[in-house]
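Below: one structure, written as structure tokens.
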Amino acid sequence: MPEWMTPALWIAAAAVLGTIALGLVRVERGPSNGDRMLAAQLLGTGAVAVLLLLARATDAPALLDVALVLALLACVAGAVFVRRIGVQPPERDEGRGPTRATEDGS
Amino acid sequence: MAAEVQVFDAVLVVLLLWLGWRALASADLFKAVVQFIVFGLLLSLAWVRLGAPDVALAEAAIGAGLAGALLLDTLARLGRSGAADEARPLGLTPARTGIALAALGLAALLVASALALPERWPGLAEPALQQLRASGVSNPVTATLLNYRAWDTLLEVGVLMLAVLGVWILEAEPALPRPAPDPMLGLLLRVLLPLTVIVAGYLLWVGAHAPGGAFQGAALLAAGGVLWHLARPLSLGPSPVVRAVVVLGFAVFLAVGVATAVLGGGLLTFPPEHAGAIILVIEAAAMLSIALIMVALFVGRERAPSDAGIPDSAADASAVPGAPNPGAAP
Amino acid sequence: MSLALLYGLAGIALVAMGLYAALAARHVLRRLLGLNVLGSGVFMMLVALASRTTGIATRPDPVPHAMVLTGIVVAVSATALGLALLRRMHAHDGSPRLPEDRDAGSP
Amino acid sequence: MTGSAALVTVLVVPLAGAVAALLAGRRGAVAAGLLTSALGVAAAFVLAGAVLAGGMQRVAVGGWAVPLGIELRADGLAAAMLLMTAVIGAGIAVYAWRYFGAAGHHDPHDLAAGPPGPAGKAAPASTQWLFWPVWLLAWGALNALYLSGDLFNLYVTLELLGLAAVALVALAGAGAAAAALRYLLLTLLGSMLYILGVELLYAAHQTMDLLQLRERLQPGLSVWLAAALMTTGLLVKTAIFPLHFWLPPAHGSAPAPVSAALSALVVKAGFYLLARLWLDLFGALPGAGVVPALLGALGACAVLWGGVQALRQTRLKAMIAYSTVAQLGYLMIALLLASGAGGAAAGAAGGAMHAGRDPGLPPTGGFVGKFALVEAAVRAGAWWAVAVVLAGSLLAAAFLFHALSRAFADAPADKTSAEVPAAPQLAALALALVAVALAAAGEPLRRLLTVGAAT
């Protein structure tokens, strides 16, 4: 690995972390629950990227395993969301709690 | 591993603190839960930076995957009214001022004691690394969990078992209305499930000499189980088969403890030449048990749904949630 | 500032936040989130502590790492049990708060 | 059987029993529970004998020496606690055999007598048998806690015990969910504060072993902060006044055997740990004498407050729950006396009182312990303690009389005082006899308690 590579990897990692910070704005603002969840999914991808960069920068191949696990599992929360809560357009009383796919169907 | 502080660390710490606070203070609980999930993601980056990849693996699997799934599921079951909270859930009121002052006082005292600690310390790193040869594995964290402090880990598997016993003791819940079968989910399951099984096995195996091990593998398997449950609802009540798998890890661990105590060495004293194999056996059993326990914690106990529409899948009648006699195995 | 100190201080801040939320919040789910953040702070202090060994030994102290792994697993199982109890309480009493936190007009 | 073998047996028996009960299922769980109880009592007696004969017993788990490994130690206090837990546990098992056995076999008589208080209907009968594995795990956790010499291992046993107690409270059905949840939140908070303290101690001293820490302890801010955090965490778990508020609802709504297990054993585990910490570990700190005095003052408040509240209750279980608050107060006073003069006597007092707690008989067992406590207080010249104990006894007599008069006056109307089946009565009687026997066997008990006692 060339000399300049390590600082470059660090800068790249910090930059990806910066995009995660930007993604957090979408989580905070919404407006719908679907937007928030989707942003969280995207941040999961960002975290995988950061881990891959760090694995090279610090020469720690074990971090590839962490990235692998994150990549595999980031979708679980999304799947629970889609099955249990559901994507709905923002409501009039938005921000007052989640909505269910069908209210009170039991 | 580089131990200098980078710009990266400063950004990460700021994000962690902001997310930690928003996960607690967002008025909308759904938003709070999503922020908590992202908090878990970033926390695993922090563990990586602190040189704890084993912890990062567990956090990635549990914090980002399973805990988020549990929280979202609970929000869905609470419904709109149950998930509503005050407009300023943590706003300062006279009663809360005292709590805030106590929390700040504790923080100040903790900072003062942290600053008084020496910059470098030996910890138990040296004895832990020196004894590694006799422990049967070459990953010091696995050696600590399954050899030096195996008694802690044995009891901890018991804690997991108790959590699922506690959930079984509770009354069955009304079943959620079942959304239509989702082709995407089926596809996801078909791709991901084999992968989670393979990677879980890999983590279990690699745990002997690199980050990984039973907890991490189990959390991964459990995430696969949660996906399965979402696609084809499982019933994990206290049926004989489920109980046997739940108890397996604890029983094997305890049996090894008894065997080592009776046959010589002493409680959980593994002969160095067999330690590696013994640890692998314990971990394999524990991984199966922990994975099933975690899925059972997510599945909970549901009453039979009012609509009899059972999805097309392989989930036959025996897998109807909360069937009268919970003797049905998945 | 060393890496251990930076993350150790962050852990202390998380402890304070989590403690405040666990005691001040009234919705049980939020209390559970508070306890989880409190736990994360405690664990972060512990792992930061362990990373101070670098320089003396070749690797960080594994004992705190094992403790944190144990703690994470205990925390998630306790949280799962707490969530299950919360759902039962909500179904039975119609409120996601403990009885002493309920007042007339609120859910 | 050697002492260390007995120590391992005491630990393994309840845990193996829990495995067996869980595997055996609804039909076999009772048999597994009763068998385990018998074996557990035998093992505890063997261990107590070994401690009495051979002094402190030690087992290094995994063969690793401290500080890397965990050492289990049975000194006199631990052996006495193990013995009493085994005996009370056997009583609880006999009691529960009829109580929970009833729900499975649809015996109308028992259904009328057994069911839980007004909080709501019990958990479905199909899961009532889970009492057995959960209770046996709780017992295993208690034994592990008494024997552990490692601060982090103690945290794990506390979590095991805490979750078991939550599950036991939840047995009372959906109406008890709030009580179980409150208990869960507090026990988690307590453990977090405790572990934070352990962390500070480990950071400064590189060990988590109690005895090694005692040698290395360097007074300073972090040690005092650790002591305060751990004490607060344990006080929350122990339900000491003024942190007692979670106890009456949790115990009041639990099924009767559970209520007995909780008030006789589970909350006292936190107390035991407090005593260990302040007698064994932090007692050496300069100025640490103030803390037991503070705790003793809290105990005095608890005795009086618990007594007054018990008198005001109309339900028997609520009354017992408040009397538990008061009993814990006596234990705190005993802790104070033990830290000063006459340690062994006060320890014996605490032990006897511990054994005597049973929901059927608040006064009988209490009497033996209180007598020893007054004796110790007189010897130590702590006249305020004598006054508090006497006032507390008067209150206890008053609320007991109150309860009895209600039972005789309007028995049919009062659900909780309906006719009790024979086995529970026998179990209660046996426990009372044990309490009396303890008073008679005071001398061996005192000798046992002095084994390995820190001076």
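A compact table of results
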{"quantity": "Placed amide H near B:Glu302: partners under 5 Å, 5+ positions off or other chain", "calculated": "B:Glu173, B:Gly322"}
{"quantity": "Estimated vicinal HN-Hα couplings, Hz - the range B:62-79 in sequence order (Karplus 6.51, -1.76, 1.60; Gly, Pro = x)", "calculated": "8, x, 7, x, 6, 4, x, 4, 4, 5, 5, 4, 5, 4, 4, 6, 6, x"}
{"quantity": "Sorted by Cβ neighbour density within 10 Å, fewest at the top, the residues D:Glu71, B:Glu86, B:Glu119", "calculated": "B:Glu119, B:Glu86, D:Glu71"}
{"quantity": "Charge sum, other residues only, whose C-beta stays under 13 Å from D:Ser148's C-beta, Lys/Arg counted +1 and Asp/Glu -1", "calculated": "-3"}
{"quantity": "Viscosity 1.567 mPa s, 4 °C: Kirkwood-radius Stokes-Einstein D of chain B over Cα pairs, µm²/s", "calculated": "57"}
{"quantity": "Relative contact order computed over the range D:5-60 (Cα-Cα under 8 Å; 6+ residues apart), in percent", "calculated": "42"}
{"quantity": "Gained length - D:Arg447 relative to D:Val308, 0.36 nm times residue gap less alpha-carbon distance", "calculated": "46.4 nm"}
{"quantity": "Number of partner chain Cβ atoms within 10 Å, mean per residue of A:43-50", "calculated": "4"}
{"quantity": "Helical contribution to [θ] at 222 nm, DSSP H n ≥ 4, -39,500 (n - 2.57), averaged over chain B, rounded to 500", "calculated": "-21500 deg cm²/dmol"}
{"quantity": "Distance in nm between pseudo-label sites at D:Ala284 and D:Leu394 (7 Å out along the Cβ direction from Cα)", "calculated": "4.4"}
{"quantity": "Partner chain coverage, peptide B:282-289 - average Cβ within 10 angstrom", "calculated": "0"}
{"quantity": "Electrostatic dipole magnitude of the range B:94-252 [Cβ: Lys, Arg +1; Asp, Glu -1; Cα centre; debye, to 20]", "calculated": "200"}
{"quantity": "Karplus-derived HN-Hα couplings along the range D:158-175 (A = 6.51, B = -1.76, C = 1.60, θ = phi - 60°), whole Hz, x at Gly and Pro", "calculated": "5, 5, 4, 5, x, 5, 4, 5, 4, 4, 5, 4, 5, 4, 6, x, 4, x"}
{"quantity": "About the Cα centre, charge dipole magnitude for chain B (Lys/Arg +1, Asp/Glu -1 at Cβ), debye", "calculated": "260"}
{"quantity": "Volume per residue that the Cα convex hull of the range C:3-95 spans, once the total is divided by residue count, Å³", "calculated": "65"}
{"quantity": "Cut-off 15 Å, label 7 Å out along Cα→Cβ of A:Ile11, residues of the range B:1-40 by amide N", "calculated": "B:7-8"}
{"quantity": "Column: log10 I(q)/I(0), Debye, Cα scatterers of the range A:5-85, q = 0.25 Å⁻¹", "calculated": "-1.11"}
{"quantity": "Vicinal HN-Hα couplings computed from phi for the range D:284-294 (Karplus, 6.51 cos²θ - 1.76 cosθ + 1.60; Hz; Gly/Pro x)", "calculated": "7, 5, x, x, 6, x, 5, 5, x, 5, 4"}
{"quantity": "Total charge dipole magnitude, chain C, about the Cα centre, Cβ charges on Lys, Arg, Asp, Glu only, Debye to nearest 20", "calculated": "140"}
{"quantity": "Relative contact order, percent, chain B [alpha-carbon distance under 8 Å, six or more residues apart]", "calculated": "19"}
{"quantity": "Over chain C: helical MRE at 222 nm, DSSP H runs n ≥ 4 each giving -39500 (n - 2.57), nearest 500", "calculated": "-25500 deg cm²/dmol"}
{"quantity": "The range B:77-131 shape via C-alpha gyration tensor axes, a/c threshold 1.5", "calculated": "oblate"}
{"quantity": "The range B:17-158: C-alpha gyration tensor shape, a/c 1.5 cut-off, then a/b vs b/c", "calculated": "oblate"}
{"quantity": "Positive-end residue of B:Leu90, B:Val48, B:Leu154, charge dipole of chain B with Cβ unit charges", "calculated": "B:Leu90"}
{"quantity": "Principal axis dimensions, the range D:171-285 - Cα atoms, whole angstrom, descending", "calculated": "48, 23, 21"}
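Only the coordinates and a few stated rules stand behind these numbers; no lab work does. Given the structure is predicted, the values throughout are model-derived calculations rather than measurements. A quick note on method: Cβ atoms are made from the backbone with ideal geometry, for glycine too, and the neighbour counts reach across all protein chains shown.
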